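J.: So that we are looking at the same thing, I have put the structure below in structure tokens.
The values are calculated or read from the model by the stated rules, or taken from the named source; none is laboratory data. This is a predicted model, so every value here is computed, not measured. Here Cβ is always computed from backbone atoms with ideal geometry, including for glycine, and neighbour counts include all displayed protein chains. Heavy atoms of the whole protein, side chains included, go into the accessibility calculation; ligands, DNA and RNA do not. Shrake-Rupley method; radii C 1.70, N 1.55, O 1.52, S 1.80 Å.
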Amino acid sequence: GDLACCGGIKRLDDVHCEIKKMYVVPELRGRGVARALLRELERRAAEMGYTVVRLDTGPKQVARGLFESEGYVQVDDFNGNPVASYWGEKPLR
């Protein structure tokens with residue numbers, strides 16, 4: 001019954017959306033929860049009709065490896081986030 005993680009989907013335009021605010025509670029990190037959350041957010045984004053998903057992460061976060069292992073490729077800054085150091089994009093099938 002306790003919360004384990006959270007994340008959201010933000011509309012950018014008719015084609016693109018952005019995954020936002022992914023978070024996993026510290027005691028569950030390293031157990032695949034973030035990967036499962038990312039895949040579920042992607043599934044829901046595809047269900048909503050988006051064909052490309054984007055995201056960003058900051059220099060102090062370790063999520064870049066997860067994103068790249070899930071097929072994200074680095075793209076130019078698409079949202080002007082001043083604290084981000086990585087912007088990624090992935091087509092949804």
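J.: Taking the stretch 4-62, which residues are part of a loop (DSSP other than H, G, I, E, B), touching a strand residue (DSSP E or B) at 6+ places or on another chain (Cβ under 7 Å) and within 19 Å of Asp77 (Cβ to Cβ)?
T.: Correct list: Leu12, Val15.
J.: Pairs needed: first member in the stretch 25-47, open to solvent by less than 50 Å² (accessible area, probe 1.4 Å); second member anywhere, at pLDDT below 95 and in a helix (DSSP H, G or I); C-beta distance under 8 Å; at least 6 residues apart or different chains.
T.: Cβ pairs passing all conditions: Ala34/Ala63.
J.: Let me ask you something else. List pairs: first in the stretch 65-79 and assigned to a helix (DSSP H, G or I), second open to solvent by 70 Å² or more (accessible area, probe 1.4 Å), Cβ under 7 Å, 6+ apart or cross-chain?
T.: If the second residue must be open to solvent by 70 Å² or more (accessible area, probe 1.4 Å), the pairs left are Leu66/Arg35.
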